[in-house]
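Below: the structure, in structure tokens.
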Amino acid sequence: MPRLSVWFIRASLVYLATGFTFGALILANKGLGFYPVVWNALPIHIEVLLLGWFVQFAFGVAFWILPRLKQDSPRGNETLILVAFVMLNLGIVLIIVETIFKAQGLEWIGRLAEVVGVAAFIVGSWQRVKPTIVP
Ligand code: HEM
């Protein structure tokens with residue numbers, strides 16, 4: 001497995017554990033009503049599981065298994081994929097910080113970073129999405 005896939009998938013597993021923990025806390029609080037402030041973690045639960053876990057896991061596996069190219073860099077432009085990793089995670093962290101500290105304007109920067117990350121992944125992977133000729 002390429003190193004970038006390892007980074008994507010390890011990060012996605014950390015987000016999976018974090019997201020489930022927040023989900024379990026919110027669920028427990030829903031039933032027992034022990035600490036209503038826990039509801040504030042709902043946006044983090046959603047962000048971490050949808051982008052941190054789902055999207056990031058898909059990126060990691062796709063970068064690993066998409067058909068390789070017949071050139072010096074068989075997985076295409078790896079710099080773009082590195083940009084995708086950095087920007088997606090930067091965006092997620094900024095959204096989490098914004099949710100916790102209610103920092104005005106940080107959400108826009110975070111979302112912009114995520115969009116740049118996803119765009120970099122699309123451009124970096126596009127060439128590798130092609131039919132494989134079965135002999
Ligand atoms: C990949 C897995 C998951 C994803 C993508 C996910 C996503 C979401 C989303 C999008 C919402 C907002 C729903 C809405 O506002 O209508 C939500 C709410 C919630 N999730 Fe999750 N979730 C996941 C797993 C879990 C798990 C494992 C737990 C508990 C252990 C959990 C507990 C909750 C609770 C308690 C709410 C609030 C429900 C309410 O508004 O009454 N989630 N989740």
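Overview of values
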| quantity | calculated |
| --- | --- |
| Trp39 vs. criteria within 16 Å of the ligand (Cβ to nearest atom) and over 30 Å from Pro131 (Cα atoms) | yes |
| Checklist (1) surrounded by 15 or more Cβ atoms within 10 Å (Cβ to Cβ); (2) of a type outside the set (Phe, Trp, Tyr); (3) farther than 16 Å from Gly91 by Cα; (4) free of Cβ contacts under 8 Å to residues at least 60 places away in the same chain applied to Ala62, failing item | (4) |
| Which listed residue, of Thr21, Thr132, is within 16 Å of the ligand (Cβ to nearest atom), closer than 30 Å to Arg3 by Cα, of a type in the set (Val, Ile, Thr) and loosely packed, with under 14 Cβ neighbours inside 10 Å | Thr21 |
| Selected residue (only one of Leu27, Leu50 is loosely packed, with under 15 Cβ neighbours inside 10 Å, within 12 Å of the ligand (Cβ to nearest atom) and closer than 25 Å to Ala120 by Cα) | Leu50 |
| Residue count for the range 66-83, restricted to those that are out of contact with any Ser or Thr (no Cβ under 9 Å at 6 or more places or on another chain) and not basic (Lys, Arg) | 10 |
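Bear in mind that the values in this text are calculations on the coordinates, not laboratory data. All figures in this text were calculated on a predicted structure; none of them were measured in a lab. Note that we place each Cβ from the backbone using ideal geometry, even for glycine, and neighbour counts take in every protein chain shown.
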